[in-house]
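Each remark here refers to the structure printed beneath this line.
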Amino acid sequence: MQIYNTLSRSKETFVPMLPGKAGIYCCGPTVYNYAHIGNLRTYVFEDILRRTLIFNGFEVKHVMNITDVGHLESDEDEGEDKMEKGAQREGLDPWQLARKYENAWLHDMARLQIQRPEVICRATDHIAGMVALIERIIAAGCGYVTPGAIYFDTSKFAAYADFARLDLKGLEAGRGGRVKEGDTGKRNPNDFVLWFTNKPKHIMQWDSPWGSGYPGWHIECSAMSMEYLGETFDIHCGGVDHIPVHHTNEIAQSECVTHKTFVKYWMHAEFLLLEADKMSKSSGNFLTIQSLVDEGFDPLSYRYLILQAHYRSELKFSWDTLEAAQNGLRRVYSMRPDKETLTDEAEYSEARSKALEAINDDLGTAQLLSILHTYGSYRLWKEFDAVLGLDFVNRTTPTTEELPADVTELISKRDVAKSTKDWATSDAIRKQLTDIGYVVGDTPAGTTVTRKSV
Ligand code: AMP
Ligand code: ZN
């Protein structure tokens, strides 16, 4: 298998540390809100990696964390803790908030046929491991104590800029070239918090050698990945946004104590781009799997859409491409075993090797799909569904939520009214739909109607 390694910025042959085994760590969700479909694109990519390794005969140990404390609004230790802020927003305590969104996330993962990682670990269940790692960092001379936090001293890790190819001078200039106000005692602009202290208002607190406090965001991933996979492991994944801060910091705080390579292969997924007005998590106006379902889409249509692009390319989301993906998936599901096109074994095995070559070339899902479409073989689709995860054998059509007949009738009446510019009728029908609990939207693809969430 060839995979693109962010460390070398090139495709490399995957050579596991232990023959036949692959250890993977993926940065998981911060559970203060629903995952948006961009986050889920990254988890689908990681699922394809996992499935491809398994398809190639590797025994996979896949670890994913759940951030339920310590991730501040900005990745640079600024702003409020996302969990505490989310809890205030919803009138819950942070623990309730975390469980609510952890469950919602697991449900979304299942709806996208993302296989469950062998280990799902919560930050709040691993505080002792984080404290122990911070003690090692301090003992190694790479951490220091200030009145409000324990910081990692980036000047003590000579390779700090290497991974992300950071221009530290430029970066410092960009950040005003100084340590900001409020960072009492912080020595270098890139230094980051390992442990917060003296924050009496913070609800989630644990005892530590430095007094009561809570962890910074980055330390959990070093502590948990090394706990479950060892001080050096095979593959670490995440979205590209994690390269310059989060993963750079993970490498620094891990390698400064182990003096070993932390991770052999780093893999990063490019972003899903949403329309600007739908991007903002803070306004609550972002797309979730549920919002796709409410618009009449099968979550697997979204999975199919993701697979049509390479994970290292940006992908623009639009309702039209999702619609096209759902139609494409409908054709895939309509394939029948009694209409097999590859009945000759030699032909089948040739097609199979082409398909395998495509996915083994840095997870070429788009090429794999195009090969599968070219051959149109039920058997080949079925075999490679182990990689694609489209639930091919169990489905005959995409599953969408049906709207009641009286509602669809109102929608078509409204479409007629709209087409004749009869705005009074169209508005009256909108009100009728709203009154019986539906949200009406006008999109380029036509009228959309969703049930109001309760
Ligand atoms: P978070 O819950 O914010 O910690 O993010 C979870 C994962 O989603 C991380 O791996 C991020 O890098 C990734 N991510 C965040 N935004 C996007 C996006 N728009 N497209 C793809 N991945 C994303
Ligand atoms: Zn992480």
Notebook entry, point to check: Looking at (1) assigned to a loop (DSSP other than H, G, I, E, B); (2) within 27 Å of TYR151 (Cα to Cα); (3) modelled with pLDDT under 95, can you tell me which one LEU92 breaks?
Noted result: (2)
Item checked: Residue satisfying condition, being closer than 25 Å to ALA386 by Cα and either in contact with a helix residue (DSSP H, G or I) (Cβ under 7 Å, 6 or more places away or on another chain) or touching a residue at least 40 places away in the same chain (Cβ under 8 Å) (or both), within set GLU90, GLU118 -> GLU118
Margin query: Looking at the structure I just gave you, is ARG312 surrounded by fewer than 18 Cβ atoms within 10 Å (Cβ to Cβ) and within 20 Å of VAL293 (Cα to Cα)?
Written below: no
Next item on the list: Find the residue count for the stretch 18-68, including only residues that are in contact with a helix residue (DSSP H, G or I) (Cβ under 7 Å, 6 or more places away or on another chain), within 9 Å of ligand 1 (Cβ to nearest atom) and not in a strand (DSSP E or B).
Entry: 10
Next item on the list: Scan the stretch 32-44 for residues that are within 16 Å of ligand 2 (Cβ to nearest atom) and either farther than 11 Å from GLY238 by Cα or over 8 Å from the mean Cα position of the chain (by Cα) (or both) and jot them down.
Entry: TYR32, ALA35
Check: Checking ILE66 against (1) open to solvent by 10 Å² or more (accessible area, probe 1.4 Å); (2) within 16 Å of ligand 2 (Cβ to nearest atom), which single condition isn't satisfied?
Finding: (1)
Check: Looking only at residues in the stretch 145-168 that are in contact with a strand residue (DSSP E or B) (Cβ under 6 Å, 6 or more places away or on another chain) and hydrophobic (A, V, I, L, M, F, W, C), which one is nearest to HIS246 (Cα to Cα)?
Finding: PHE152
Item checked: Pair list, Cβ under 7 Å, 6 or more apart: the stretch 411-434 residue without any contact (Cβ under 8 Å) to a residue 60 or more places away in the chain, other residue part of a loop (DSSP other than H, G, I, E, B) and not hydrophobic (A, V, I, L, M, F, W, C) -> none
Item checked: First in the stretch 215-240 and part of a loop (DSSP other than H, G, I, E, B), second anywhere and within 10 Å of ligand 2 (Cβ to nearest atom), Cβ under 7 Å, 6 or more apart -> TRP217/THR67; TRP217/HIS71; HIS218/HIS246; HIS218/ASN249; HIS218/GLU250
Margin query: Scan the stretch 297-306 and tell me whether some residue there is under 19 Å from the mean Cα position of the chain (by Cα), among the β-branched types (Val, Ile, Thr) and part of a helix (DSSP H, G or I).
Written below: yes
Check: Looking at the stretch 335-370, which of its residues are touching a residue at least 24 places away in the same chain (Cβ under 8 Å), closer than 27 Å to THR13 by Cα and of a type outside the set (A, V, I, L, M)?
Finding: TYR348, ARG352, ASN360, ASP361, ASP362, GLY364, THR365
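Rundown of residues vs (1) out of contact with any His (no Cβ under 9 Å at 6 or more places or on another chain); (2) at positive phi; (3) buried (at least 23 other Cβ atoms within 10 Å of the Cβ), yes/no style:
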| site | (1), (2), (3) |
| --- | --- |
| THR6 | no, no, no |
| GLU12 | yes, no, no |
| VAL15 | yes, no, no |
| LEU18 | yes, no, no |
| ALA22 | no, no, yes |
| GLY28 | yes, no, yes |
| VAL31 | yes, no, yes |
| ILE37 | yes, no, yes |
Next item on the list: With respect to LYS264, determine if the residue is within 20 Å of VAL60 (Cβ to Cβ), among the charged types (D, E, K, R) and more than 16 Å from ligand 1 (Cβ to nearest atom).
Entry: yes
Margin query: Out of the helices (runs of 4 or more DSSP H) lying entirely within the stretch 349-452, which hold 2 or more residues that are at pLDDT 95 or above?
Written below: 365-375, 378-388
Margin query: I want to confirm something. Restricting to the stretch 201-234 and keeping residues that are of a type in the set (Phe, Trp, Tyr) and away from ligand 2 (no atom under 12 Å from the Cβ), which single residue is surrounded by the fewest Cβ atoms within 10 Å (Cβ to Cβ)?
Written below: TRP206
Margin query: I'd like the residue in the stretch 235-255 that is more than 18 Å from the chain's Cα centre (by Cα) and open to solvent by 10 Å² or more (accessible area, probe 1.4 Å) and, out of all such residues, is farthest from ligand 2 (Cβ to nearest atom).
Written below: GLU255
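The values are calculated or read from the model by the stated rules, or taken from the named source; none is laboratory data. Worth saying up front: this structure is predicted, and the values here are computed from it rather than measured. Cβ: placed from backbone, ideal geometry, glycine included. Neighbour counts: every protein chain shown. For accessibility, only protein heavy atoms count, side chains too; no ligands or nucleic acids. Shrake-Rupley method; radii C 1.70, N 1.55, O 1.52, S 1.80 Å.
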